[in-house]
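K.L.:
Okay, here's the structure, questions in a sec.
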Amino acid sequence: MSTSRIHLHPADVQGLSRLTIDGVIGTAELVEQLHYAIARVSGPTLPARNGKMRGISGLVYRSIHGITGMVGQSIDFGFRQILPHLPAAASTPQRERFLGVINGVLGDYLEVEANPLALGMQLRYKGSALATDVQQWPGKLATQTDKLVVIIHGLCMTDHDCAVLANSIEKRDGETPVHLSYNSGRSIAQNGQDLADLLDTLFCSQPDASKEIVLIGHSMGGLLARSAVHHALLDEQAWTNRLTRLI
C-alpha cells in the first residue's frame, strides 16, 4: 500500500504555528478596535484609549490575548526542545513551491519575526544550494566556465519554475546556469543589495571562476537584477566588469 509523502519539515510546522497565533491575536485586535469605534459612536463618549475596551469587554479581549500568547509560547518552547533531536530531511519541490508562495505574500513579515518559514538568499544548481565559496562548487562549476548565467525568478516563484530555461542553457558549450533563490516578499532594494554582495563575495573568492556573467530576471526578478547592478556600481564591486548582459 502506497503512502503519501509529507513534504513539510518540523520547522515549517513551527513557523505555521507562529503565523496562526499571530493571526488570532491580530484578528482579536481588529475586532476590539472595531468594537471600540462602534461604542464611541453609539453609546456614551469614551475617553481615547488607543482602541482598547474597558470593563467586561476589555477583560474578554485581554483574556484572548493572554491565553493565545501563552499557547503560542508553549508550542514554540516544545518545538525548540524537539527540533535539535530530529533528523534532517531532504526538501522537495512541493515544499519549496509552498515556501516560495508564502514568502512572496508574507516574506517581509516572516523576516522581521524571524519565522522559520523565511527564506534566505542562495544560489542553486539543479535543485541544490551552492556554497558562497566558488572553490567548493561541484563538478565543472568549480572550474573555469566561460559564461555564468544567473536566473532570477519572479514573485512567489522558485527555481523549479525556471527549469526549462536552465536546461536549454545547460546544453550550450561554456554556459553554466545557476538559480537565485530568495525571499520575494522583501523589498527589491534589500534583495538587490544582498544579491550584489553575494556575487561580490563569490568572485572575490575565485577571481577566475568565469569570464562572463549574464543576469536573466523574470518579472520581479528583472527588477531585482537591475537593483543588484545599481548597488554594485555604487559600491564599486568588481563583478560588474564581467557583466555582459542583463535580460
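K.L.:
Helix-only mean residue ellipticity at 222 nm, the chain, DSSP H runs n ≥ 4 weighted -39,500 (n - 2.57), per residue, nearest 500. What is it?
P.N.:
Rounded to the nearest 500, the figure is -17000 deg cm²/dmol.
K.L.:
Oh, and also: Let me check against my output: what whole-number percent is the relative contact order of the chain, with C-alpha pairs under 8 Å and at least 6 apart?
P.N.:
Worked out over the chain, it gives 18 percent.
K.L.:
Next up: Run the accessible area of the chain with a 1.4 Å probe and give the carbon-and-sulfur part as a rounded percent.
P.N.:
59 percent
K.L.:
Using a 1.4 angstrom probe on the protein heavy atoms only, line up H153, H35 by accessible area, largest first.
P.N.:
If we order H153, H35 from most to least accessible, we get H35, H153.
K.L.:
Could you tell me which label, among (i) 1, 6, 13, 18, 20, 17, 12, 7, 4, 1, 0, 0, 0, 0; (ii) 1, 5, 8, 9, 9, 9, 9, 9, 9, 8, 6, 5, 4, 3, 3, 2, 1, 1, 0, 0; (iii) 1, 6, 11, 13, 13, 12, 10, 8, 7, 6, 5, 3, 2, 1, 0, 0, carries the value of P(r) over Cα pairs in 5 Å bins from 0, in percent calculated for this structure?
P.N.:
Matching entry in (i) 1, 6, 13, 18, 20, 17, 12, 7, 4, 1, 0, 0, 0, 0; (ii) 1, 5, 8, 9, 9, 9, 9, 9, 9, 8, 6, 5, 4, 3, 3, 2, 1, 1, 0, 0; (iii) 1, 6, 11, 13, 13, 12, 10, 8, 7, 6, 5, 3, 2, 1, 0, 0: (iii).
K.L.:
At 1.4 Å probe size, with every protein chain present, just tell me what the per residue accessible area of the range 57-170 comes to in Å².
P.N.:
Ligands and nucleic acids excluded, the figure is 55 Å² per residue.
The values are calculated or read from the model by the stated rules, or taken from the named source; none is laboratory data. If you're wondering where the values come from, they're calculated on a predicted model, not measured in any experiment. Heads up: the accessible areas ignore ligands, DNA and RNA and are worked out on the full protein's heavy atoms, side chains in. Shrake-Rupley method; radii C 1.70, N 1.55, O 1.52, S 1.80 Å.
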